Amino acid sequence: MPSIQTNGLTKTFGESVVAVDSLDLTIEDGEIFGFLGPNGAGKSTTINMLLDFIRPTAGSAEVFGMDAQDECAAIRERIGVLPEGYGFDDYLTGREYMEWAVETKDADDDPEQLLDLVGIREDAGRVASGYSKGMQQRLAFGMALADDPDLLILDEPSTGLDPNGIQHMRSVIRDRAADGTTVFFSSHILSEVEAVCDRVGVMNEGELVAIDSIEGLRESATGQATVELECASAPRVDGVADIPGVSAVDVADTTLTAECSDPSAKVEVVKRVDSQVEVVDILADNTSLEELFNQFTGGGRDGDGSVGEGIDLEDSQEASA
Amino acid sequence: MSTVTVAKKDFKAARRSKLLWAAAIVLGLIAAFVGYVSGNAPGGDAEQVRALFRVLTLLLAVLLPIVALVASYLAIAGEREGGGIKFLLSLPNTRRSVFVGKLLSRNGIVAGGVAFMYVAAISVALTRHGAFPAAVVFGTLLITLVYGSTFVSIALAMSSAAASRSRAIAGAFGTYLLLVILYVFPVVSFGDIARWVHTTLLGADANPDLYNAVQYTSPYLAYRKAVNLVLPADMRQIVFYSSLPEDVSYGSPAANEVLPLYLQDEFAPVVLAFWLVVPLLIGYALFERADLE
């Protein structure tokens, strides 16, 4: 049985704002699923519907085969949530918040151990509303982990965390996943999703524009690998442009930039240039995933909104199937 | 089970509010002051103490709605605006357990304030008069707690309907204006408005019973008349004078009995029950349907 399944899930606000547009999504038991998209793509709205914070305009959402709206109580028994837009408003300490989560979940976890796991045990005696954003995020994450849930739903979990915190959270997520916990987390940060997830769904403007493994997405990308060579003297363009897999070459002063449609062509570029002039420095950029993200999402809020051409979504989904 | 956990956490946080403690102490001092200045009533010690608690209820009639509204108007709206609702509903709680838990906890807070006043008033009564008319003390206490609960219900309903702090504040102000001020303020009170509509606009003959019935829809008047139920006949108040025949004196038991049933003191619990239950049902229905973002 899938952990999460949505069928034609739709949410409109007012007359014209379509936050989520007939979303069909299936998250299998035990996978780590990254839910990716720019700000305002509909990620949180989707999560809020899974948690019954907001009600769908059309379609349905199921968690563990139970209707998200009708059986929210039974669902909440089995999930751990790091919500978006939470607040520690009450005059309670971090420890008391953790104890409250453990008590409400009727869990046999030791609150101290959870506080320790997320690295705020030393500050647990302080009032949680006085915590920094990162510490609050750690506490909220710890509360989500109580009672070893079958499904972790994490909405932008790395918000406010320092690099160590992000690293640590990732390893905790991986540990829990290794024990069989399904993880569903949203992010607008590619590297984060790339580092942890088995499978990724990309949302844009309320629609799921791609769903695949990281490798699958990479393969389906038309993204270019680039190599930049800093030379002792001005290199020549000819001889490099003919290399199979090189799509464009540009020389500015002593710098040669080659864009390769086939990443493996980069090596040949370096060899060829090195045979002509002395190469001082090499800068290779293989992350076509950033570009891929931009292609899928049309640059998000900062782009012109047109979804890039050259990616056949149907193909990429079939490739993963 | 989860209802209790919600209430416990809410109550725990409230107990740490310095503002609430300050309010409780002020209430206690007010009650002690009332106990100190009252005491010129005719009769023996027990009479003095009955008079004291009667004056206390007069004060509570206007004060307690404020206490209950202030204590409860943010119960749900504050959680929604501050994001606490995200944790409440991520954990194994339902909206019902959150709503009922908040109801219990805020009632507990208001009851705590009332307890402060009663302890202060009882202490003064015992030291000054050495009398303890239990029927009046516990009778008014019970009715006062119910009265406080009606405004907790109303405030909770307001809080459920309001998605933000500022709207909840407006709702609390509006409630007090509508349910207390507009029933007792001369000329613009609901009874006077009903009279004006009935006689001037509709050109009908004056019908005091009707206007008094309109007045009686207020929890404020219902409380004052419910208090009559536990007071001796000569201490009763608000007997709807305009509905009384000429030959019945205000202080006699007959002053209540000659009224139509719907104007009698015995009808007060019905009015209070309405304000206790109906706002809760509306508030819960609104909260159950709301999109919580």
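The values are calculated or read from the model by the stated rules, or taken from the named source; none is laboratory data. No experiment lies behind these values; they were computed from the predicted model shown. In this analysis, Cβ positions are derived from the backbone assuming ideal geometry, glycine residues included, and neighbour counts consider all displayed protein chains. Each accessible area value is taken on the protein alone, full model and side chains, heavy atoms only, with ligands, DNA and RNA left out. Shrake-Rupley method; radii C 1.70, N 1.55, O 1.52, S 1.80 Å.
Yes/no per residue for (1) touching a helix residue (DSSP H, G or I) at 6+ places or on another chain (Cβ under 6 Å); (2) farther than 18 Å from residue A:154 by Cβ:
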{"residue": "A:1", "(1), (2)": "no, yes"}
{"residue": "A:10", "(1), (2)": "no, yes"}
{"residue": "A:17", "(1), (2)": "no, yes"}
{"residue": "A:22", "(1), (2)": "no, yes"}
{"residue": "A:30", "(1), (2)": "no, no"}
{"residue": "A:36", "(1), (2)": "yes, no"}
{"residue": "A:41", "(1), (2)": "no, no"}
{"residue": "A:46", "(1), (2)": "no, no"}
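The set of residues in the stretch A:63-77 that are closer than 14 Å to residue A:184 by Cα and surrounded by fewer than 23 Cβ atoms within 10 Å (Cβ to Cβ) contains only A:64.
Within the set B:230, B:277, the sole residue that is open to solvent by 40 Å² or more (accessible area, probe 1.4 Å), part of a loop (DSSP other than H, G, I, E, B), more than 14 Å from every other protein chain (Cβ to nearest Cβ) and modelled with pLDDT of 80 or more turns out to be B:230.
Only a single item in (1) of a type in the set (D, E, K, R); (2) modelled with pLDDT under 95; (3) closer than 24 Å to residue B:292 by Cβ; (4) open to solvent by 60 Å² or more (accessible area, probe 1.4 Å) is not met by residue A:108, and it is number (3).
Selection of the stretch B:100-114 for residues being open to solvent by less than 20 Å² (accessible area, probe 1.4 Å) and of a type in the set (Lys, Arg) yields only B:102. Scanning the stretch A:197-213 for residues that are open to solvent by 10 Å² or more (accessible area, probe 1.4 Å) and not hydroxyl-bearing (Ser, Thr, Tyr) yields A:197, A:198, A:199, A:204, A:205, A:207, A:208, A:209, A:211. If only residues of the stretch A:28-54 that are within 8 Å of chain B (Cβ to nearest Cβ) and in contact (Cβ under 8 Å) with a residue 40 or more places away in the chain are counted, the one that is farthest from residue B:94 (Cα to Cα) is A:54.
Of all residues in the stretch A:56-89, exactly one satisfies the criterion of being within 7 Å of another protein chain (Cβ to nearest Cβ), in contact with a strand residue (DSSP E or B) (Cβ under 9 Å, 6 or more places away or on another chain) and over 21 Å from residue A:156 (Cα atoms), namely A:72.
Determine, yes or no, whether residue B:243 is surrounded by 14 or more Cβ atoms within 10 Å (Cβ to Cβ), without any contact (Cβ under 8 Å) to a residue 60 or more places away in the chain and closer than 24 Å to residue B:136 by Cα.
Working: surrounded by 14 or more Cβ atoms within 10 Å (Cβ to Cβ): yes; without any contact (Cβ under 8 Å) to a residue 60 or more places away in the chain: yes; closer than 24 Å to residue B:136 by Cα: no.
So residue B:243 fails the test.
If you check residue B:248 against the conditions, is it more than 30 Å from residue B:132 (Cβ to Cβ), outside any helix (DSSP H, G or I) and out of contact with any strand residue (DSSP E or B) (no Cβ under 9 Å at 6 or more places or on another chain)?
Values: more than 30 Å from residue B:132 (Cβ to Cβ): yes; outside any helix (DSSP H, G or I): yes; out of contact with any strand residue (DSSP E or B) (no Cβ under 9 Å at 6 or more places or on another chain): yes.
Answer is yes for this residue.
It is to be established whether one or more residues within the stretch B:64-77 are on the phi > 0 side of the Ramachandran plot, outside any helix (DSSP H, G or I), open to solvent by 10 Å² or more (accessible area, probe 1.4 Å) and more than 14 Å from chain A (Cβ to nearest Cβ). Lay out the reasoning, then the answer.
Of all residues in the stretch B:64-77, those on the phi > 0 side of the Ramachandran plot come to none.
No.
Pairs, please: C-beta under 9 Å, at least 6 apart or cross-chain, first residue within 17 Å of residue B:227 (Cα to Cα) and polar (S, T, N, Q) and in the stretch B:41-57, second open to solvent by 10 Å² or more (accessible area, probe 1.4 Å) and assigned to a helix (DSSP H, G or I)? Correct list of pairs: B:48/B:128; B:48/B:129; B:57/B:143; B:57/B:224. For residue A:25, state whether it is over 19 Å from residue B:97 (Cα atoms), crowded, with 24+ Cβ neighbours inside 10 Å, under 18 Å from the mean Cα position of the chain (by Cα) and more than 11 Å from chain B (Cβ to nearest Cβ). Spelling it out, it is not the case that residue A:25 is over 19 Å from residue B:97 (Cα atoms), crowded, with 24+ Cβ neighbours inside 10 Å, under 18 Å from the mean Cα position of the chain (by Cα) and more than 11 Å from chain B (Cβ to nearest Cβ). For the stretch B:115-133, a residue qualifies if it is buried (at least 18 other Cβ atoms within 10 Å of the Cβ) and in contact (Cβ under 8 Å) with a residue 60 or more places away in the chain, and the qualifying residues are B:116, B:117, B:118, B:120, B:121, B:124, B:125, B:129, B:133. Residues in the stretch A:150-189 that are open to solvent by less than 10 Å² (accessible area, probe 1.4 Å) and either assigned to a loop (DSSP other than H, G, I, E, B) or within 13 Å of another protein chain (Cβ to nearest Cβ) (or both): A:151, A:152, A:153, A:154, A:155, A:157, A:181.
Out of the residues in the stretch A:90-117 that are aliphatic (A, V, I, L, M) and touching a residue at least 40 places away in the same chain (Cβ under 8 Å), state the one that is nearest to the other protein chains (Cβ to nearest Cβ).
Step one: filter the stretch A:90-117 for residues aliphatic (A, V, I, L, M), giving A:92, A:98, A:101-102, A:107, A:114-115, A:117.
Still in the running and touching a residue at least 40 places away in the same chain (Cβ under 8 Å): A:98, A:101-102, A:107, A:117.
Working: A:98: 11, A:101: 6, A:102: 10, A:107: 10, A:117: 18 Å.
Per the stated criteria, the residue is A:101.
Within 14 Å of chain A (Cβ to nearest Cβ) and open to solvent by 40 Å² or more (accessible area, probe 1.4 Å), is that true of residue B:96?
Details: within 14 Å of chain A (Cβ to nearest Cβ): yes; open to solvent by 40 Å² or more (accessible area, probe 1.4 Å): yes.
Yes, satisfied.
For the stretch B:280-293, a residue qualifies if it is surrounded by 12 or more Cβ atoms within 10 Å (Cβ to Cβ) and either away from every other protein chain (no Cβ under 14 Å) or in a helix (DSSP H, G or I) (or both), and the qualifying residues are B:280, B:282, B:283, B:284, B:285, B:286, B:287, B:288. Here the stretch A:118-130 is the region considered, the condition is being in contact with a strand residue (DSSP E or B) (Cβ under 7 Å, 6 or more places away or on another chain) and either part of a helix (DSSP H, G or I) or away from chain B (no Cβ under 11 Å) (or both), and the residue that is surrounded by the fewest Cβ atoms within 10 Å (Cβ to Cβ) is A:125.
The number of residues in the stretch B:44-61 that are within 13 Å of residue B:30 (Cα to Cα) and aliphatic (A, V, I, L, M) comes to 6. The residue list B:213, B:290, B:206 contains one member that is touching a Leu at 6+ places or on another chain (Cβ under 8 Å) and aliphatic (A, V, I, L, M), which is B:213. Of a type in the set (S, T, N, Q), out of contact with any Phe, Trp or Tyr (no Cβ under 8 Å at 6 or more places or on another chain) and open to solvent by 70 Å² or more (accessible area, probe 1.4 Å): is that true of residue B:149 in this structure? The answer is no for residue B:149.
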